[in-house]
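A short write-up of the structure that comes next.
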Amino acid sequence: MQDKQRTLESDEQHLYRVLRSDRFLRMEGLSNEIPFFIYHYPPENELPVREIRDRVTTKLQTEDGLRIANINMYDLAVDLLRKRGVWDRLAEFELQEDKREFREGLQNMLEPKAHLAPAIRSILAETPSDMVFLAGLGEVWPYIRTHTVLENLQSVVTEQPLLLWFPGRYAFSQATGHELRPLNLSASDSYYRAKDIMEQEA
């Protein structure tokens, strides 16, 4: 589906059709690729997209009997920082420390391989699911980079498809390949293994 033809209403209808389909649930047609999909949308649509995610989740659960592991990266990050006993002191740290040092320290505490991936593995082990929704990446950028999260989940999320709700652009060009542009900023990250959910058939 071309971007110029998309509306929030058509996106919601397409997402529901694809997510409930046997093809998606059985992870068919992936050519041995990992079952990762991205729904990218303009950052200014964050609030209506949250409503879409809630409605789609409810329909999949109530009408199709599907189990969804909804993981919000901001909530997960806060939980991890609370467990380390630093959450309540972060505002003080930010005022006292150099901005770059503060960001690097926070990135280390939320490093995907050491902290985020194991936490998500534990969530999935405790929550049987037919698919995984990963959201909240806009709220944690740039402390958590989307491509590093996906790279470290490749060995974690293998039994069910994963859909990343991404505020920004996921696009392909001959010059740069597949790029993630969080919040439509100039900064970009290369990641080629996920499929655009809007290009998938039900």
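The values are calculated or read from the model by the stated rules, or taken from the named source; none is laboratory data. Because the structure is predicted, anything quoted here is derived from the model rather than measured. As a convention, Cβ positions derive from the backbone with ideal geometry for all residues, glycine included, and neighbour counts pool all protein chains shown. Just the protein is used for accessible areas: all its heavy atoms, side chains included, with ligands, DNA and RNA removed. Shrake-Rupley method; radii C 1.70, N 1.55, O 1.52, S 1.80 Å.
Of note:
- Over the chain, dividing the summed -39,500 (n - 2.57) contributions of all DSSP H runs of at least 4 residues by the number of residues returns a 222 nm mean residue ellipticity of -12000 deg cm²/dmol.
- Counting only protein heavy atoms and a 1.4 Å probe, the chain has 54 square angstrom of accessible area per residue.
- Segment 45-202 - charge dipole about Cα centre, Lys and Arg +1 at Cβ, Asp and Glu -1, debye rounded to 20: 140
- Working from label points 7 Å from Cα in the Cα-to-Cβ sense, the residue 44 to residue 201 distance is 3.5 nm.
- For the chain, the share of DSSP beta bridges that are antiparallel, to the nearest 5, is 35%.
- Ligands, DNA and RNA left out, the 1.4 Å accessible surface of segment 13-60 is 43% carbon and sulfur atoms.
- Pair-distance distribution of the chain: all C-alpha pairs, bin width 10 Å, starting at 0; shares per bin in whole percent are 8, 34, 37, 16, 4, 0.
- Note on residue 32 and residue 96: the extension gain reaches 18.2 nm, defined as 0.36 nm multiplied by sequence separation minus the Cα-Cα distance.
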